[in-house]
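For reference, the structure discussed in these notes is given below.
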C-alpha cells in the first residue's frame, strides 16, 4: 500500500475539531509529522498542549495564509510532503436569501483561501520532486441540495479547480486527490446554525416554513441523518491518499456519497432533481 516507510510532513487546515482534528490525531499516531492549523489562537494553544506542532491560519485572510506558509518553511526547512485542504464551513440559506457579501465570505474560505495556500506550497513540492495535495470536498460537490447553495457552489468550484490542477500537474509526481464525505459527525451543523442566525432573516423570507424544518435539523444533537459516520472514516481515506503508491483521484465516504455518485451518472436529470427535492 505505502510508497515508502518514511514519515511524511503534512500540513492540515481546520484542525480545531471534527475531520481535521481526527485526521491529525490518526496521522500523528502513524508517525507522520503533522502541522495542524486552526483559525482561532485558543484552538492553536489547545493543539500545542496536546503535543501537536500547530500554527494559526485563517483561510479568509491572505496575510494569515502567507504568514503560515513562512512558518511551515521555517519548521520544515522548506520541505512539505503533503497538504490536506480540510478547513471549510457551510452557510445555510436559500439562494435568493444569500447576499453578495455572504456568498463571497463562503468562497473566501472554502475556495479562494484554499487555492492561495495550495499555490504557495506547489513550488516546494516541485523543488523536492513529489507531493500529495488532498482536498476535502463533499457529497455536495457532486450533487446540489436545497438551502445549501453557498456551500454547494463552493464545493463544485473546488472540485473544478482540483480536477484542472491534476491535469496540469501530470508528470510532476505531485498527486491530487479529492475526498467526498457524506454525513459525518462533527461540529459542522452547529457552526452552520450560527451562520444561519447571523446572515439569514427567515421572518422576511419566502422560505420561512422550510427554514423551520432546517433549524430543527441543524440543532439536532448527534447524527441528523441515516448512514452518518464518525470522522475516523474520512481520516482513513486521507491515510490512503497520503501513503498509497498510487493514490486515488476520488475517495467516496458514506453510503449516500457512493449512491449519488452512481445516480448522477445513470439517472436523467429530471429524475435526479425529483429525488434530491425529497432529501
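Counting every other Cβ atom within 10 Å of each residue's Cβ, 155, 40 order from fewest to most as 40, 155. Taken as Cα centroids, segment 32-99 and segment 202-265 sit 22 Å apart, rounded to the nearest whole angstrom.
Taking Cα atoms only, the orientation of helix 255-266 departs from the longest principal axis of the chain by about 80 degrees.
FRET efficiency for residue 275 and residue 216, Cβ-Cβ distance as r, R0 = 30 Å, nearest 0.05? E(calc), rounded to 0.05, equals 0.85.
According to the square roots a ≥ b ≥ c of the eigenvalues of the Cα gyration tensor, what is the shape class of segment 37-178, taking rounded for a/c under 1.5, prolate for a/b larger than b/c otherwise, and oblate for the remainder? Verdict is oblate for segment 37-178.
Entry note, the chain: the mean residue ellipticity at 222 nm calculated from DSSP H runs of n ≥ 4, each adding -39500 (n - 2.57), is -15500 deg cm²/dmol after division by the residues and rounding to the nearest 500.
Shape verdict for segment 222-279, please, from the Cα gyration tensor: rounded (a/c under 1.5), prolate (a/b greater than b/c) or oblate. The shape class here is oblate. Does the chain come out rounded, prolate or oblate by the C-alpha gyration tensor, with a ≥ b ≥ c the root eigenvalues, rounded set by a/c under 1.5 and, if not, prolate when a/b is larger than b/c and oblate if not? Judged from the Cα gyration tensor, the chain comes out prolate (a/c at least 1.5, a/b above b/c).
We did not get these values from a lab; they are worked out from the coordinates using the rules stated. Keep in mind the model is a prediction, meaning the values are calculated, not measured. Note that each Cβ is placed from the backbone with ideal geometry, even for glycine, and that neighbours are counted across all protein chains shown.
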